Amino acid sequence: MRSIVMLAAAVALAAGCKDKAESVSGRGAESTGEVEIQGAGATFPYPLYSKWIAEYQKLDPQVRINYQSIGSGGGIRQIIERTVDFGASDAPMTEAELGKAPAKLLHIPMTLGAVAITYNLPGVTDRLQLSPEIVAGIFLGELKTWNAPPIVAMNPQAKLPASAITVVHRSDGSGTTAVFTEYLSRVSAAWKGKVGAGKSVKFPLGLGAKGNEGVAGQVKTTPGTIGYVELAYAKQTGLAYAALRNRAGAVVAPTLENVAAAAASEVASMPADLRLSIVDAPGKSAYPISAFTYILIYEDQMDTRKGKAIARFLWWATHDGQRLGPSLDYAPLPAQVLPKVEAGLRRLQSKAKPLLSS
Amino acid sequence: MARGAEHRAWDGLDGRPSRRGESAATPARRRPWLSRDGEVNLGDLVFRQVTALFAAGTVLTLAAMAIQMTRASALSLERFGLRFLVGRDWDPVRELFGALPFIYGTLVSSLLALLIAVPVSLGVAIYLAELAPLWIRRSLGFVIELLAAIPSVVYGLWGIFVLAPWLRGTVEPALQRALGFLPLFRGTPRGVGMLAGGVILAIMILPTIASVSRDVMRAVPNSLREGALALGATRWETVRAAVLPQARSGIVGAIILGLGRALGETMAVTMVIGNRAEISASLFAPSYTMASVIANEYTEASGDLYLAALSELGLILFGVTLALNLIARLLVWRVGRLPGGAGRL
């Protein structure tokens, strides 16, 4: 009995402290006019977002943005629960997820990413060329050795070994897997039927490695392996990566230009809510495993000051901020996409007034 | 019953040799004044209440976690029922979830770790406690405790870049040549897999088992060693007849501590075990543990059933750990009552 009284006293004491602390910090923020914005989500664009945040801080010292790269799934959950001011996700939200949100959410494409097929084949110096059928065949376990006829036919000069192909895939749920499996589902009916697309899927074979660094480490240390990683990661770690035959029949390497070309060639089919998949894009130089990465934000912002600050930041990031992308291996949004992004940003409003003046 | 156990802990502190079973049977050796309230002193009262609060806090936390996890996994419990425990499928796209490969992977990798780590760490502990010269005792003891302080992600990276290539190039082919007739050592040597997971875990739990066992052995009174030596025992016989039986229950406790770490270890294991939800007899094949799949998939999981299934895995891990701890308690208790062992630290 006594201990219960003590417990109650301790809890009351702790609660009192908390209230005090909150009121102090609240006053502080008011008086200096600072706006604090919380964001959370995808890990893929994190290096670019943190660069943007640091640069924007210099332009507008009053706005403090805090972005936590907890993963796209976490970003979606947190924006639905309104525990953050904006979320971020590599894959656009599904209808079911949008249905759970308490209000209308907007998707703002921020930058472009791509998935590179990386491999370890000692003695093969020229970039490997692969067709969609080969990639699907390898990841389905139908092509078992490196000197299988379809691979040799695409790469007649390469000295392909007779060794077994070891598949490495991501073990953690990730946007990279979502984009890659969406591509495979698009180009292979067998993949679509047996495995499907998602952030975590049941791969028919292979080793699971955690994170891009895990896949890269596995591929780097094991001859005969093939895996998939973010393009930026493949470039920065110096892994070999393949060129792919796209829908137009051209064999294209994953370069920033070819990724941007994929986005540009699909822009006509971009819907009003900006949710668009650009895998297997029709453009002649389009790299087929490309994707937009999105910021998720409520169309109607409850806090006008905060809403205005976020809207201005997003406008800056999708315009002036784009020049920071290439140095970090992110493809800038192509010019054709920009009017649609601007239209999306202009829909942001608070108390029935638009947040951006036109 | 609890009272008896509580008082047994006091035995031996008075330096008198105690005969087996005496402590529980003779109430005369209890010291009631140690637990009686006596005069009420405000300081004592506050102290007692505060410590009671802390103790209650741990139990409440445990209960709150169990309740929360059960609630979070309600959907999966309802959908799959007991089939979840025996299901072998883990397909988030089709929302089919079964826990068996993860339960298997967790238990087998931890067991493998114990098989490797227990003999080695007991050897280390005996050397440090009984045989090594003083300066080695101090420096080696320090190094071993340092091993326990290395973050698991560092172990994992070492596993990817050093251990796995070594297993693939040297150890696994050799095992296959020598013992390839066993299903345990069949299949392509890939480096990463169940064996790599077990070895990494063994290295990680070795410092825990070794240093706790060493402390337990050091706590054995010197009079026992002297007695054995006086009777003409060799160093080995002294360790075997005088030290180990006295330290037995403490050593079992040390192993349990190590097992606890192995069961819950996430990062290092997930980096080398291959992360494949399959049950294979071969130690070379990739496997998966419960802690790993939760860490891998929880952050990106969307869909209520998927999240519930992951929570249920957490609940099962919780249950498995609890069950193993209970078994361990029983073991410590049993070992303490074996002939020749007084069952105390």
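The values are calculated or read from the model by the stated rules, or taken from the named source; none is laboratory data. Quick caveat: nothing in here was measured; it's all calculated off a predicted structure. FYI the Cβ positions are ideal-geometry reconstructions off the backbone, even for glycines, and counts take in every protein chain you see.
Name the residue that is nearest to B:Ser287 (Cα to Cα), counting only residues in segment B:180-219 that are within 14 Å of another protein chain (Cβ to nearest Cβ) and in a helix (DSSP H, G or I). Quick ask: steps written out before the conclusion?
Kept after step one, since they are within 14 Å of another protein chain (Cβ to nearest Cβ), are these residues of segment B:180-219: B:187-197, B:200.
Restricting the remaining residues to those that are in a helix (DSSP H, G or I) gives B:194-197, B:200.
Working: B:Met194: 6, B:Leu195: 9, B:Ala196: 10, B:Gly197: 9, B:Ile200: 14 Å.
Applying the filter and picking the extreme gives B:Met194.
Given the condition in contact with a Gly (Cβ under 6 Å, 6 or more places away or on another chain), within 14 Å of chain A (Cβ to nearest Cβ) and either over 30 Å from B:Ile203 (Cα atoms) or at pLDDT below 95 (or both), answer yes or no: does some residue in segment B:98-108 qualify?
Yes, that holds for at least one residue.
Which number in (1) surrounded by 11 or more Cβ atoms within 10 Å (Cβ to Cβ); (2) modelled with pLDDT of 90 or more marks the one condition that B:Asp44 misses?
(2)
Identify all residues within segment B:284-295 that are surrounded by fewer than 24 Cβ atoms within 10 Å (Cβ to Cβ), of a type outside the set (Val, Ile, Thr) and more than 8 Å from chain A (Cβ to nearest Cβ); write none if there are none.
Selection gives B:Ala285, B:Ala291.
Which one is nearest to the chain's Cα centre (by Cα), of the residues in segment A:282-304 that are of a type in the set (A, V, I, L, M, F, W, C) and not in a strand (DSSP E or B)?
Initial filter on segment A:282-304 (of a type in the set (A, V, I, L, M, F, W, C)): A:286, A:289, A:291-292, A:295-297, A:302.
Next cut, not in a strand (DSSP E or B) only: A:286, A:289, A:302.
Numbers: A:Ala286: 18, A:Ile289: 12, A:Met302: 27 Å.
Only one residue fits best here, namely A:Ile289.
Within segment A:95-109, how many residues turn out to be outside any helix (DSSP H, G or I) and within 13 Å of chain B (Cβ to nearest Cβ)? Don't jump to the end; show me each part of the working.
So the first thing to find is which residues in segment A:95-109 are outside any helix (DSSP H, G or I), and the list is A:101-109.
Narrowing further to those that are within 13 Å of chain B (Cβ to nearest Cβ): A:101.
So the count comes out to 1.
Go through segment A:334-347 and give me each residue that's among the aliphatic types (A, V, I, L, M), touching a strand residue (DSSP E or B) at 6+ places or on another chain (Cβ under 7 Å) and not in a helix (DSSP H, G or I). Show your work before the answer.
Going through segment A:334-347, the residues among the aliphatic types (A, V, I, L, M) turn out to be A:335, A:337-338, A:341, A:343, A:345.
Filter again for touching a strand residue (DSSP E or B) at 6+ places or on another chain (Cβ under 7 Å), leaving A:337, A:341, A:345.
The one that is among the aliphatic types (A, V, I, L, M), touching a strand residue (DSSP E or B) at 6+ places or on another chain (Cβ under 7 Å) and not in a helix (DSSP H, G or I): A:Val337.
Exactly one of these conditions fails for B:Val86: (1) surrounded by 13 or more Cβ atoms within 10 Å (Cβ to Cβ); (2) among the β-branched types (Val, Ile, Thr); (3) more than 30 Å from B:Arg138 (Cβ to Cβ). Give me its number.
It is condition (1) that B:Val86 fails.
Which one of these does B:Arg79 not meet: (1) under 18 Å from B:Leu305 (Cβ atoms); (2) assigned to a loop (DSSP other than H, G, I, E, B)?
The one condition B:Arg79 does not meet is (2).
Which residue is farthest from the other protein chains (Cβ to nearest Cβ), if the candidates are limited to segment A:156-201 and must be in a loop (DSSP other than H, G, I, E, B) and β-branched (Val, Ile, Thr)?
Top of the filtered list is A:Ile165.
So that you can scan it fast, the table gives a plain yes or no per residue for (1) in contact with a helix residue (DSSP H, G or I) (Cβ under 7 Å, 6 or more places away or on another chain); (2) within 11 Å of chain A (Cβ to nearest Cβ):
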position: B:Pro221; (1), (2): no, no
position: B:Ile251; (1), (2): yes, no
position: B:Leu257; (1), (2): yes, no
position: B:Thr266; (1), (2): yes, yes
position: B:Val269; (1), (2): yes, yes
position: B:Ala277; (1), (2): yes, yes
position: B:Ser282; (1), (2): yes, no
position: B:Glu300; (1), (2): yes, yes
position: B:Gly314; (1), (2): yes, no
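This table checks each residue for (1) touching a residue at least 40 places away in the same chain (Cβ under 8 Å); (2) under 18 Å from the mean Cα position of the chain (by Cα).
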{"residue": "B:Ala132", "(1), (2)": "no, no"}
{"residue": "B:Ser152", "(1), (2)": "yes, yes"}
{"residue": "B:Trp158", "(1), (2)": "no, no"}
{"residue": "B:Phe161", "(1), (2)": "no, no"}
{"residue": "B:Ala164", "(1), (2)": "yes, no"}
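I'm told A:Thr225 meets every condition in (1) β-branched (Val, Ile, Thr); (2) buried (at least 20 other Cβ atoms within 10 Å of the Cβ); (3) more than 21 Å from A:Leu130 (Cα to Cα) except one. Can you identify the failing condition by its number?
Only one criterion in (1) β-branched (Val, Ile, Thr); (2) buried (at least 20 other Cβ atoms within 10 Å of the Cβ); (3) more than 21 Å from A:Leu130 (Cα to Cα) is unmet by A:Thr225, namely (3).
Answer yes or no as to whether B:Tyr298 is surrounded by fewer than 23 Cβ atoms within 10 Å (Cβ to Cβ) and touching a residue at least 12 places away in the same chain (Cβ under 8 Å).
Numbers: surrounded by fewer than 23 Cβ atoms within 10 Å (Cβ to Cβ): yes; touching a residue at least 12 places away in the same chain (Cβ under 8 Å): yes.
Against the criterion (surrounded by fewer than 23 Cβ atoms within 10 Å (Cβ to Cβ) and touching a residue at least 12 places away in the same chain (Cβ under 8 Å)), B:Tyr298 qualifies.
Quick check on segment A:209-222: of everything there that is among the β-branched types (Val, Ile, Thr) and facing chain B (nearest Cβ under 9 Å), which residue is surrounded by the most Cβ atoms within 10 Å (Cβ to Cβ)? Full working, then the answer.
Kept after step one, since they are among the β-branched types (Val, Ile, Thr), are these residues of segment A:209-222: A:215, A:219, A:221-222.
Keeping just the survivors that are facing chain B (nearest Cβ under 9 Å) gives A:221-222.
On the way: A:Thr221: 17, A:Thr222: 20.
Ranking the candidates gives A:Thr222 first.
Each row is one residue, and each column tells you yes or no for (1) among the aromatic types (Phe, Trp, Tyr); (2) over 27 Å from A:Glu182 (Cβ atoms); (3) in the same structural domain as A:Tyr294 (by TED's automatic domain parsing).
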{"position": "A:Tyr46", "(1), (2), (3)": "yes, no, yes"}
{"position": "A:Ala54", "(1), (2), (3)": "no, yes, yes"}
{"position": "A:Arg64", "(1), (2), (3)": "no, yes, yes"}
{"position": "A:Gly73", "(1), (2), (3)": "no, no, yes"}
{"position": "A:Pro92", "(1), (2), (3)": "no, no, yes"}
{"position": "A:Leu106", "(1), (2), (3)": "no, no, yes"}
{"position": "A:Gly123", "(1), (2), (3)": "no, yes, no"}
{"position": "A:Leu128", "(1), (2), (3)": "no, no, no"}
{"position": "A:Pro132", "(1), (2), (3)": "no, no, no"}
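Sort out which residues of segment A:90-112 are at pLDDT 90 or above and within 13 Å of A:Ser277 (Cα to Cα), and write them in order of number.
Listed by number, the residues that qualify are A:His107, A:Pro109, A:Leu112.
On the given criteria, is A:Ile70 among the β-branched types (Val, Ile, Thr), more than 10 Å from every other protein chain (Cβ to nearest Cβ) and either within 23 Å of A:Leu231 (Cβ to Cβ) or not in a loop (DSSP other than H, G, I, E, B) (or both)?
Here the answer is no, as A:Ile70 does not meet what is asked.
Considering only segment A:81-94, state which residues are closer than 17 Å to A:Gly173 by Cβ and more than 10 Å from chain B (Cβ to nearest Cβ).
Initial filter on segment A:81-94 (closer than 17 Å to A:Gly173 by Cβ): A:87-94.
Once the filter is applied, which keeps residues that are closer than 17 Å to A:Gly173 by Cβ and more than 10 Å from chain B (Cβ to nearest Cβ), segment A:81-94 yields A:Gly87, A:Ala88, A:Pro92.
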